[in-house]
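Just below is one structure, and these are the notes that go with it.
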Amino acid sequence: MKMRFLLSLMFLCLLHVHPTLSGGYLLLEYRALLSVKSSINDPQSALSTWNASTSHCNWTGITCHPSSRRVTVLDISNLQLSGTLSSDLAHLRFLSELSVAFNQFSGAIPAELSSLSALRVLNLSSNIFNGTFPSQLSHLRFLSKLSVADNELSGAIPAELSSLSALRVLDLSYNLFSGTFPSQLSLLKNLQVLDLHDNYMIGDLPLAVTQMPNLRHLNLGNNLFSGRITSQFGQWKFLEYLDVSYNDLEGPIPQEIGNLTNLRELYIGYYSEMYEGGIPSEIGNLLELARFEAIGCKLSGEIPPEIRRLQKLETLFLQENALSGPLTVELGNLASLKSLDLSYNNFTGEIPASFAELKNLRLLQLFKNQLHGAIPEFIADMPELEELHLGQNNFSGIILQRLGRNGKLQLLDLSSNNLTGTLPPDMCFGNRLEILNTEGNLLVGPIPDSLGRCESLFDIRMGRNFLNGSIPRDLFGLPNLTHVMLQSNRLAGKFPIFSISRSELETLDISDNEIHGELPGWIWRLPHLLTLNLSHNYLETLDVNLNSPKTSSSLRIIDLHSNQLQGQLQTLPVDFRNNSYMLPANRVSGIRSLFFSRNKFDGTIPKSLCNGTFNALDLSHNQLTGTIPQCLIEMSKNITVLHLGGNNLIGVIPDSFSDYSCHLKTLVLNGNQLEGELPKFLGKCAMLDILDVGNNRIQDTFPCYLKNSDKLGILILRSNQFYGSINCLDADTTWSNLQILDLASNHFVGKFPIRYFSSWKAMMETKNKSEHIRSMYSRGGARGGLDFGLPYQITVRVTLKGLDLELVKILSIFTSLDLSCNSFDGHIPREIGEFEVLYALNLSHNAFTGQIPQALGKLTALESLDLSSNKLIGEIPHQLADGLIFLSTLNLSFNQLVGKIPQIKQFATFLESSFEGNIGLCDFPMKEKCIHEELGPSEESHLHSGNLIDWDFLSVELGFVFGFGIFIGPLIFWKRWRKCYYKHIDDIVFKMFPRAYIRIENHQRRAHKNQGRQARRNQGGRD
């Protein structure tokens, strides 16, 4: 009995452990797989076969051993699954391949996978796994392929992976791994593929990889590696792919790179901007090379002629370097070449004739070099050419008329050259042309009618030429057309009329042409139109058919300025409402910018404008009347630019009582008939850059609430009725960006407290030339809150050099201070001399007294100076003439200046009108000569050194007048006549002999003072 029990027990154990004797193991794998499924979200029911009705070996993604029926492969990749990966996978003991790639699994990678001792392939790529890489997976000693690419794994790469001696593929790319590369991984002698692309690895480019002799694919790109590409990187015998791009590498490209004779793809650039030298000639040894990219790494010199040996090269990308010299003739020997990009370099000369042999070329990019000459004829005959970029060079001559006849041209960019003649007629032959850019040339003639039938076209740019004729009738009806840029040509005629069935048009710019007539209604119905710019034409009327739909809800920018449009704004077929519910989620709702300036619109400003959410609104220089709607000012919570200048608006400027913050950057109301006070809400506009309310009837004191507007750059209050002092501008004033201050023609009084204005940095700081250039091209167009990519500019009016000018582009290098025609008094503050970059200074028609400060000579950038009609005395400082070397306009007239006019530098060029009304000034350009030039040396010295007057200098006329006065002695007894007589004589003497008169006066003052002192001494002595 006991023996029978033992035998039964042994039999049960055998059934449990031997697969051929029991199905227990099948039950275990079956339950493990169901557990795995329970943690998976399966929206597409891809795992619907995983149920009890069938054998698990028939389930989706399961492969079993044919005899043992154990699960050997689990591949559920690319099934749109999500959830977590169950640790119960560890029960699949005989699993050799596990792949869950291209799903959305998240969470940590289960460390229990290390129990799958038979595993050879583990592919967890393209999911959302996070956390660190489990070092326990280093126990999988038979693993040959490990890929966790494209996840969110972080931390260091475990050094324990070095124990995976059978590993041939290790792909850790597109994760968040950081730290240095473990040197222990050099033990992976069988590794053939190592991919670390797009992580955050640091340290020198790892030499450990050079000790992996069997590498065929090495990708270290897009990390934070530094250092150099060392000579050891040329010792692999089998390497076919090498990528070290997008790192912070330096030094030269080693010559040993030429030893990689099996290399097929080489990527060394992409903004490793510290490479030294050029392309080594040994590159010609890479006879198997099919693709070579060295982009944006500051390579210099010429392309080595040895490159001709690369007969298998299909792609050569060397753009964005500093390569120079003529284009290497040997490039024409690359018979297999399909793509050549040498753009953004410094190549010179012409396109070599050898390029005619590149019969397989599909892409040719020579954009932005210094190439010149005519475009060779053979370019038009390249049978496979699809993309041609020759823009921003100095090519001349005509555009090849056969261009496009190969029927394969998809992109043509000839922009910014000196090309002449007409456009080729067959550019869209084959109907494959998508992008056409010929802007910035000297092209003439009409736009080919064939483009109106080019249904593949979606981007056409022909601006800044001399094209004429009318716009092809069917151009705007092309089904794929997205962008049309025809600005700055001589296109004439009227808009074509057609019915819209389907349109993808987003940008339409026909500005600065000669289009006239009616603006058709179909423009407002373009469903995807974002930007409409028809400015600077001769459009006269609008299609205001009230039965037609109003503006497309997509439209964001409308620019119709500088036309001849007339009527009232209420009649425009434009819907200003915020139609956010009608737009896709990625689009901004409603019209954002509206430019209707310089037309003939009349009537009042419609309140319907207040329904919009504008960033910019310009209705200036029309014939608008009435008052400014209160609701328009309330829009300051959204609007950044409001320009209503040059109209006939009346009434007060409304104040805003909104609790919202003010986003206004530009407010221009110049040239209206506005009155009342300046609204106080402007003090809340922290971003205010331009405030121009000049030429109105505003009656107010100086807006002291603006003194803390540290963004303020332009303040124009001229020609109003402002009054009082401006003493509120004190040491707390923060106008560091102020470059134009115009308070002219008001009623301001008192002293100008400029001693406090040490914060006016924009007028003080000396900028270098490069900063000036940057300001001209970058800040100029975006001043005051505009940055639309449009030719629109904010304008302000200033008075400069006696002329009323309109500044269309406000450069940061232009600085001006105009206090003229007020009642400022006191001395001219010498602190103005600190404004070293001041361009124009006008203090005329005030009551300034004292002498001209010598410190004004430090205004070395000054070009216009007007101090006329004040009460200035003394001589013209020599420092003024010596320092103002750029001065072109000077007015010191009608003061009380005396002495010799300096005859150096710019002062020698000014006319008498610059100094008239100063009876004490002498020498050129005045008619009066200075007295000291008529005296001998000894006499002049005597005058300067003696205390007595030498009466020999007095003329006979003076003696006669005094003698005649004695002769008519009775007049002495008439006090009133006596005073008038003596005053008249003094004026005559001063006009005839100003210097002698002054010396007499000075002598009399000194004599009077001496008599007083002597009297006080005598009095003291008696005491």
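The values are calculated or read from the model by the stated rules, or taken from the named source; none is laboratory data. What you see is a predicted model, and the numbers here were worked out from it, not measured in a lab. Note: ideal-geometry Cβ built from the backbone for every residue, glycine included; neighbour counts use all protein chains shown. Ligands, DNA and RNA are stripped out before the accessible areas are found, and what is left, the full protein with its side chains, is counted by its heavy atoms. Shrake-Rupley method; radii C 1.70, N 1.55, O 1.52, S 1.80 Å.
Could you please find all residues in region 147-173 being hydrophobic (A, V, I, L, M, F, W, C) and more than 24 Å from residue 246 (Cα to Cα)?
Quick first cut of region 147-173, residues hydrophobic (A, V, I, L, M, F, W, C) only: 148-149, 153, 156-157, 159, 161, 164, 166-167, 169-170, 172.
Correct list: 159, 161, 164, 166, 167.
Being within 31 Å of the chain's Cα centre (by Cα) and open to solvent by 10 Å² or more (accessible area, probe 1.4 Å) narrows it down to one of 302, 276, 314, 282, so name that one.
Details: 302 fails: within 31 Å of the chain's Cα centre (by Cα); 314 fails: within 31 Å of the chain's Cα centre (by Cα); 282 fails: within 31 Å of the chain's Cα centre (by Cα).
The match here is 276.
Within region 306-324, identify whether any single residue is small (Gly, Ala, Ser), modelled with pLDDT of 95 or more, over 26 Å from residue 368 (Cβ atoms) and in contact with a strand residue (DSSP E or B) (Cβ under 8 Å, 6 or more places away or on another chain), and answer yes or no.
No, that holds for no residue.
For region 229-271, name all the residues that are crowded, with 21+ Cβ neighbours inside 10 Å and over 24 Å from residue 186 (Cβ atoms).
Matches in region 229-271: 269 only.
With within 28 Å of residue 288 (Cβ to Cβ), polar (S, T, N, Q) and outside any strand (DSSP E or B) as the only criterion, which of 401, 319 stands out?
Working: 401 fails: within 28 Å of residue 288 (Cβ to Cβ).
Exactly one residue qualifies, and that residue is 319.
Pairs under 8 Å by beta carbon, first residue farther than 12 Å from residue 187 by Cβ and polar (S, T, N, Q) in region 152-174, partner modelled with pLDDT of 95 or more and not in a strand (DSSP E or B), six or more apart or different chains?
Once the first residue is farther than 12 Å from residue 187 by Cβ and polar (S, T, N, Q) and sits in region 152-174, its partners that are modelled with pLDDT of 95 or more and not in a strand (DSSP E or B) give 154/175; 173/149; 173/150; 173/196; 173/197; 173/198; 173/199.
In region 860-892, what residues are within 21 Å of residue 827 (Cα to Cα) and part of a strand (DSSP E or B)?
Selection gives 864, 865, 866, 871, 872, 873, 874, 890, 891.
Residue 750 - would you say it is in contact with a Ser or Thr (Cβ under 7 Å, 6 or more places away or on another chain), within 27 Å of residue 862 (Cα to Cα) and crowded, with 21+ Cβ neighbours inside 10 Å? Break it down stepwise before answering.
Numbers: in contact with a Ser or Thr (Cβ under 7 Å, 6 or more places away or on another chain): yes; within 27 Å of residue 862 (Cα to Cα): yes; crowded, with 21+ Cβ neighbours inside 10 Å: no.
No; evaluated as a whole, the condition is false for this residue.
Looking for whichever is in contact (Cβ under 8 Å) with a residue 40 or more places away in the chain and under 33 Å from the mean Cα position of the chain (by Cα) here; the options are 388, 371. Which one fits?
Details: 388 fails: in contact (Cβ under 8 Å) with a residue 40 or more places away in the chain.
Only one candidate qualifies: 371.
For region 450-534, please list each of the strands (runs of 3 or more DSSP E) lying entirely inside it that holds at least 3 residues being open to solvent by 20 Å² or more (accessible area, probe 1.4 Å) and in contact with a strand residue (DSSP E or B) (Cβ under 9 Å, 6 or more places away or on another chain). Break it down stepwise before answering.
Values: elements: 459-461, 483-485, 507-509, 514-519, 531-533.
Fully inside region 450-534 and qualifying: 514-519.
Across region 844-859, which residue is farthest from the chain's Cα centre (by Cα) among those that are under 11 Å from residue 829 (Cα atoms), of a type outside the set (Phe, Trp, Tyr) and open to solvent by less than 20 Å² (accessible area, probe 1.4 Å)? Spell out the reasoning first.
First pass over region 844-859, keeping only residues under 11 Å from residue 829 (Cα atoms): 848-856.
Narrowing the set further to residues that are of a type outside the set (Phe, Trp, Tyr) leaves 849-856.
Those left that are additionally open to solvent by less than 20 Å² (accessible area, probe 1.4 Å): 850, 852-853, 856.
Values: 850: 47, 852: 43, 853: 41, 856: 36 Å.
So the residue we want is 850.
Take region 349-371 and flag every residue that is assigned to a strand (DSSP E or B), within 17 Å of residue 330 (Cβ to Cβ) and either open to solvent by 70 Å² or more (accessible area, probe 1.4 Å) or touching a Pro at 6+ places or on another chain (Cβ under 7 Å) (or both). First the steps, then the outcome.
Residues of region 349-371 assigned to a strand (DSSP E or B): 349, 363-365, 370-371.
The next check asks that each one be within 17 Å of residue 330 (Cβ to Cβ); those that pass are 349, 364.
Selection gives 349 alone.
Say we look at region 597-624 and pick out the residues that are part of a loop (DSSP other than H, G, I, E, B) and among the hydroxyl-bearing types (Ser, Thr, Tyr); which of these is surrounded by the fewest Cβ atoms within 10 Å (Cβ to Cβ)? Step through it out loud before you land on a result.
Going through region 597-624, the residues part of a loop (DSSP other than H, G, I, E, B) turn out to be 597-599, 604-606, 612-615, 619-622.
Within this subset, residues satisfying the condition of being among the hydroxyl-bearing types (Ser, Thr, Tyr) are 597, 604, 613, 620.
On the way: 597: 25, 604: 15, 613: 17, 620: 25.
Among residues in region 597-624 that are part of a loop (DSSP other than H, G, I, E, B) and among the hydroxyl-bearing types (Ser, Thr, Tyr), the one surrounded by the fewest Cβ atoms within 10 Å (Cβ to Cβ) is 604.
Tell me which residues, restricted to region 404-449, are of a type in the set (A, V, I, L, M, F, W, C), assigned to a strand (DSSP E or B) and either touching a Ser or Thr at 6+ places or on another chain (Cβ under 8 Å) or over 23 Å from residue 482 (Cβ atoms) (or both). Break it down stepwise before answering.
Residues of region 404-449 that are of a type in the set (A, V, I, L, M, F, W, C), as a first pass: 409, 411-412, 414, 419, 423, 427-429, 433, 435-436, 442-444, 447.
With the extra rule that they be assigned to a strand (DSSP E or B), the set shrinks to 411-412, 419, 435-436, 444.
Correct list: 412, 419, 444.
Restricting to region 828-837, name every residue that is crowded, with 18+ Cβ neighbours inside 10 Å and in contact with an Asp or Glu (Cβ under 9 Å, 6 or more places away or on another chain).
837
Within region 66-109, work out how many residues are closer than 15 Å to residue 33 by Cβ, in a loop (DSSP other than H, G, I, E, B) and either polar (S, T, N, Q) or open to solvent by less than 70 Å² (accessible area, probe 1.4 Å) (or both).
9
For region 422-449, which residues satisfy the criterion of being among the polar types (S, T, N, Q), open to solvent by 50 Å² or more (accessible area, probe 1.4 Å) and farther than 16 Å from residue 406 by Cα?
Step one: list which residues in region 422-449 are among the polar types (S, T, N, Q), which gives 422, 431, 437-438, 441.
Narrowing the set further to residues that are open to solvent by 50 Å² or more (accessible area, probe 1.4 Å) leaves 422, 431.
The answer is 422, and nothing else.
Residues of region 173-194 being open to solvent by 20 Å² or more (accessible area, probe 1.4 Å) and assigned to a strand (DSSP E or B), which ones?
Within region 173-194, 176, 178, 179, 193 meet the criteria.
Every residue, every condition in (1) at pLDDT below 95; (2) out of contact with any Asp or Glu (no Cβ under 8 Å at 6 or more places or on another chain); (3) polar (S, T, N, Q), yes or no:
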| site | (1), (2), (3) |
| --- | --- |
| 190 | no, yes, yes |
| 196 | no, yes, no |
| 211 | no, yes, yes |
| 216 | no, no, no |
| 226 | yes, no, yes |
| 235 | yes, no, yes |
| 243 | no, no, no |
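Find the residue count for region 823-856, including only residues that are in a loop (DSSP other than H, G, I, E, B) and in contact (Cβ under 8 Å) with a residue 60 or more places away in the chain. Break it down into steps so the answer makes sense when it comes.
First pass over region 823-856, keeping only residues in a loop (DSSP other than H, G, I, E, B): 828-829, 835-839, 843-846, 852-853.
If we keep only those that are in contact (Cβ under 8 Å) with a residue 60 or more places away in the chain as well, we get 829, 835-838.
Total meeting the criteria: 5.
In region 132-148, which residues are open to solvent by less than 30 Å² (accessible area, probe 1.4 Å) and either in contact with a Leu (Cβ under 6 Å, 6 or more places away or on another chain) or not in a helix (DSSP H, G or I) (or both)? Show your work before the answer.
Keep residues of region 132-148 that are open to solvent by less than 30 Å² (accessible area, probe 1.4 Å), which gives 133-134, 137-138, 140, 143, 146-148.
133, 134, 138, 140, 143, 146, 147, 148, listed by residue number.
Have a look at 655, 730 and point out the one that is farther than 28 Å from residue 603 by Cα and of a type in the set (D, E, K, R).
Numbers: 655 fails: farther than 28 Å from residue 603 by Cα.
Being farther than 28 Å from residue 603 by Cα and of a type in the set (D, E, K, R) holds for just one of 655, 730, which is 730.
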